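Presented below is the structure to which this report refers.
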2 protein chains.
Amino acid sequence: MPGGQRLTRRPTIVDVARVAQVSKGAVSFALNGRPGVAEHTRERILTVAAELGWRPSASARSLSMRRAHAVGLARQPELLGADPFFPPFIAGVETVLAGRGNVLVLQVPRNAAAERDGYHRLAADGRVDGVFLSDLRVDDPRPSALAELGLPAITIGRTPKSLLSSVSLDDRAGIEDAVTHLVALGHRRIGHVAGQQHFLHGRARKATWRRVVRAAGLPTNLSVTADFTASGGARATATLLDLAEPPTAIVYANDVMAIAGMAVAASRGVSVPDQLSVTGFDDTELSRHLCPALTTVRSDALGWGVAAAELLLDVIEAASAHGLARPDRPAQSAQVVHLELPPAQLVLRDSCAPPPSPRPRVARR
Amino acid sequence: MPGGQRLTRRPTIVDVARVAQVSKGAVSFALNGRPGVAEHTRERILTVAAELGWRPSASARSLSMRRAHAVGLARQPELLGADPFFPPFIAGVETVLAGRGNVLVLQVPRNAAAERDGYHRLAADGRVDGVFLSDLRVDDPRPSALAELGLPAITIGRTPKSLLSSVSLDDRAGIEDAVTHLVALGHRRIGHVAGQQHFLHGRARKATWRRVVRAAGLPTNLSVTADFTASGGARATATLLDLAEPPTAIVYANDVMAIAGMAVAASRGVSVPDQLSVTGFDDTELSRHLCPALTTVRSDALGWGVAAAELLLDVIEAASAHGLARPDRPAQSAQVVHLELPPAQLVLRDSCAPPPSPRPRVARR
DNA sequence: CTGAAAGCGCTTACAG
DNA sequence: CTGAAAGCGCTTACAG
């Protein structure tokens with residue numbers, strides 16, 4: 001009758017070995033599903049481990065495997081708060097991580113310098129095996145810094161030079177459809193309230209608006225750069241509405257700015273959509289419950305998180321197989337892959353209508 | 001000339017010892033600021049460590065210290081997304097953790113069962129030294145489960161039975177002030193759109209509304225329970241407005257529901273604040289940029305995060321001093337402390353006005 | 001004040 | 001197919 005005892009401390013692998021009457025090594029092999037243990041023995045070991053409530057010590061595994069089984073994500077507090085994209089993205093990430101025995105370490109650095117230090121420290125301490133890089137900027141120094149550090153990493157969105165593997169989702173499709181929709185409704189003066197232009201997505205959205213508006217032969221000088229916040233969106237909207245010839249439609253780079261913009265319009269007695277059409281971006285839960293309900297752009301943030309986590313774990317796997325211990329050859333060089341998810345989609349609701357002016361409708365059907 | 005070499009692998013404590021010409025132990029003592037090393041020697045060791053770019057291995061430290069230097073926080077995806085409270089709270093938590101050499105592990109469990117398993121696993125794997133418990137529910141089984149598990153934990157908000165230390169911030173003050181404000185404006189029919197009543201904060205807000213309204217001799221049957229989401233807030237608002245005698249003011253349990261409620265009012269031609277006064281809760285950035293700007297309740301989420309992290313780290317410290325290895329005596333029993341932060345405050349803006357009816361104003365000055 | 005050694009709980013070549 | 005042993009990189013009593 002083996003195993004008749006109760007342990008008062010956390011059971012370890014030697015407890016399991018003793019009760020199952022095998023060696024420590026055999027237990028480890030059995031529990032990790034490696035060959036070299038008879039089927040019958042393996043079952044006994046697993047049973048004992050379960051009975052004892054044994055779980056491997058994360059730090060012991062980490063130390064011997066040189067693997068933290070953890071990945072990192074840093075995000076500055078402003079972005080953490082402002083962005084409805086983040087929660088479902090994280091939820092997607094976590095699903096995958098949990099399924100593959102990994103854990104998410106979240107950093108909230110105060111600024112860019114703190115963020116860089118944070119990544120260095122996580123790497124140097126062996127706290128994480130890899131990191132996500134999000135909120136990509138123009139000429140972002142982080143991808144190459146990370147590549148040099150030898151820390152496996154992927155980017156959320158794709159940088160022009162692409163030193164790192166990435167998973168991206170084309171925002172441009174949504175903006176393009178929004179502008180096209182407005183043009184089809186007959187608008188000839190379509191404005192844009194942009195996000196910070198040092199962010200890749202802020203820039204891409206603006207560039208797309210510009211390209212499509214120009215292709216339609218419409219003026220491209222109706223844009224104001226804001227910052228994805230409500231106050232920025234409100235100010236930018238006021239600027240556009242103060243123009244001698246204000247736009248009859250505004251494409252916003254996110255929902256929050258669009259909502260604040262609608263409030264500015266309302267406060268001036270400009271009715272949406274009769275006198276001003278408006279589109280947002282993000283499809284926040286609130287957007288469909290506005291009056292009028294907001295036409296916006298939706299992307300699959302959860303799916304993005306799932307894909308990103310899977311890719312990062314694969315990159316980590318590949319890097320360690322490739323020999324992490326060779327700083328002369330960056331781990332990333334193994335193979336750079338760029339995943340592309342289904343593009344963002346326009347969600348039609350009630351905030352767009354034909355322009356108010358007596359101008360002839362130029363709807364091209 | 002010691003130290004003339006470059007290491008290709010991660011430097012360890014033995015590299016530092018070799019270069020500084022001392023023992024491993026001395027290095028460890030010097031780096032941890034413990035007595036037993038001559039000042040002169042200590043300095044040399046620190047210099048060498050810095051030159052070599054040495055950083056302690058997190059897993060090695062964890063293994064020998066039986067401390068993960070990490071804390072956990074689990075939050076279900078719906079809550080993660082809906083709640084503007086969370087980002088600044090996390091930012092506050094992270095500031096403290098980073099300053100004390102700890103790290104935040106974020107879990108996003110799909111449901112209550114997954115959450116419980118998640119905490120168990122984090123504890124059993126030794127991934128974290130303690131956890132935050134947020135989104136407290138009525139008769140929440142988690143505090144006692146955690147206490148039994150022996151995992152150090154604190155609650156965000158205080159449970160009635162209070163097995164665990166806690167840090168809370170009184171929401172009720174904000175609601176009370178909101179109702180009082182509306183009463184002073186002359187409202188006699190003040191409604192409430194509540195959050196889920198199985199959440200402690202949802203329940204507390206409703207109870208406070210009820211108490212203050214009753215104390216003023218006003219009807220207490222004008223509340224609808226929703227769920228903190230825009231769609232829930234919209235539905236609840238419609239229900240109230242459909243009443244034979246609808247309220248002239250509505251106190252919402254959060255901003256999102258208030259904004260959706262304002263949209264419902266607008267869609268019915270009910271003007272805010274002339275025909276309907278409205279208050280929110282959270283002071284989201286958007287709230288001041290609405291039309292009309294939303295009167296709401298603000299609490300210091302960042303400060304809450306700071307206080308919570310400090311308390312949790314202290315509790316962990318105390319528990320390990322107290323002898324974590326004694327499951328017969330729960331670690332928590334050491335000392336239970338309840339921190340109370342400055343209460344939430346009403347932020348007056350433009351969404352409240354005297355009621356429209358010809359009723360005499362009963363403003364009590 | 002300092003050094004040599006054991007130990008934390010795993011994994012993994014390496015012999016049998 | 002299995003077992004004994006070394007090693008991961010720290011910390012910490014314990015002798016000197």
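Just so you know, all these numbers are worked out from the coordinates, no wet-lab data involved. Keep in mind it's a predicted model, so treat the numbers as computed, not measured. All Cβ positions, glycine included, derive from the backbone under ideal geometry; neighbour counts span all protein chains shown.
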Q: Output ³J(HN,Hα) for the stretch A:227-235: one whole-Hz value per residue in order, computed from phi by the Karplus curve 6.51 cos²θ - 1.76 cosθ + 1.60 with θ = phi - 60°, and x for Gly and Pro.
A: 8, 6, 9, 4, 5, x, x, 5, 4
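Taking the Cα centre of chain A as origin, sum charge times position over the Cβ atoms of Lys and Arg (+1) and Asp and Glu (-1), and report the length of that vector in debye to the nearest 20.
360 debye
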Q) What are the nm distances, shortest first, from A:Asp274 to its equivalents in the other copies, labels at 7 Å along Cα→Cβ? A) 1.5
Q: Taking the Cα centre of the protein assembly as shown as origin, work out the dipole magnitude from +1 charges on Lys and Arg Cβ and -1 charges on Asp and Glu Cβ, in debye rounded to 20.
A: 680 debye
**Q.** Dipole of the protein assembly as shown, positive end: most advanced residue of A:Cys291, A:Ile175, A:Ala30 [Cβ charges, Cα centre]
**A.** A:Ala30
Q. With the dipole of chain B worked out from charges on the C-beta (+1 for Lys and Arg, -1 for Asp and Glu) around the Cα centre, which of B:Leu136, B:Ala184, B:Val278 lies farthest toward the positive end?
A. B:Leu136
Q.
Under 10 Å, Cα contacts only: if you run a Gaussian network model on chain A, which one of A:Ala318, A:Ala123, A:Ala266 comes out with the highest mean-square fluctuation?
A. A:Ala266
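In a shell of Cβ-Cβ distance under 15 Å around B:Pro141, excluding B:Pro141 itself, what net charge do Lys and Arg (+1) and Asp and Glu (-1) give? Display every interim value, and only then the final one.
Working: positive: B:Arg116, B:Arg137, B:Arg142, B:Lys161; negative: B:Glu115, B:Asp117, B:Asp135, B:Asp139, B:Asp140, B:Glu148.
Residues near B:Pro141 contribute -2 overall.
Just rank B:Leu122, A:Leu302, A:Leu290, fewest to most, by other beta-carbon atoms within 10 angstrom. Please list the in-between numbers first.
Values: B:Leu122 24, A:Leu302 17, A:Leu290 28.
Ordered by Cβ neighbours within 10 Å, fewest first: A:Leu302, B:Leu122, A:Leu290.
I'd like the per residue volume of the convex hull spanned by the Cα atoms of the stretch B:13-56, given in cubic angstrom.
On the way: hull volume 2.5 nm³, N = 44.
That works out to 57 Å³ per residue.
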Q: Provide Rg and Dmax in Å for the stretch B:86-176, with only Cα atoms included in the calculation.
A: 13.9, 45
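Among A:Met262, A:Met65, rank each residue by its count of other Cβ atoms within 10 Å, from fewest to most, as a rough exposure measure.
Values: A:Met262 30, A:Met65 12.
The most exposed by this proxy come first: A:Met65, A:Met262.
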Q. Using a label point 7 angstrom from Cα along Cα-to-C-beta, what distances in nm, from shortest up, separate B:Arg18 from the other copies?
A. 3.7
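Before anything else, pin down the relative contact order of the stretch B:13-56: Cα pairs under 8 Å, at least 6 apart, normalised by residue count, whole percent.
On the way: 37 pairs, mean separation 17.8, N = 44.
Computed over the stretch B:13-56, the figure is 40 percent.
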**Q.** Cα convex hull volume per residue for the stretch A:172-298 (Å³)
**A.** 90 Å³
Q. If contacts are Cα pairs under 8 angstrom and at least 6 residues apart, what is the relative contact order of the stretch A:255-325 in percent?
A. 24 percent
(Q) Whole percent per 10 Å bin, from 0 to the bin with the longest distance: what is P(r) over all C-alpha pairs of chain B? (A) 5, 21, 24, 18, 14, 9, 6, 3, 1, 0
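Report, as a whole number in µm² per second, the diffusion coefficient that Stokes-Einstein gives for the protein assembly as shown at 10 °C and 1.306 mPa s using the Kirkwood radius over alpha carbon pairs. Walk me through the intermediate numbers first.
Numbers: Rh = 28.4 Å.
In µm²/s, the coefficient is 56.
Quantify how strongly other chains surround peptide B:121-129 by giving the mean number of their Cβ atoms within 10 Å of each of its Cβ atoms.
On the way: counts 5, 2, 2, 8, 10, 8, 8, 2, 0.
Per residue, the average neighbour count from other chains is 5.
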Q: Read phi for every residue in the stretch B:34-49 and hand back ³J(HN,Hα) as whole Hz from Karplus 6.51 cos²θ - 1.76 cosθ + 1.60, θ = phi - 60°, with x for Gly and Pro.
A: 8, x, x, 10, 4, 3, 4, 5, 4, 4, 4, 4, 4, 4, 4, 4
Q: Output, in nm with one decimal and in ascending order, the distances from the A:Ala112 label point to the matching label points of the other copies (7 Å from Cα along Cα-to-Cβ).
A: 4.7
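Arranged by the count of other C-beta atoms within 10 angstrom, fewest first, what order do B:His69, A:His120, B:His198 take? Spell out each step's value before the answer.
Details: B:His69 20, A:His120 16, B:His198 12.
Fewest to most other Cβ atoms nearby, the residues stand as B:His198, A:His120, B:His69.
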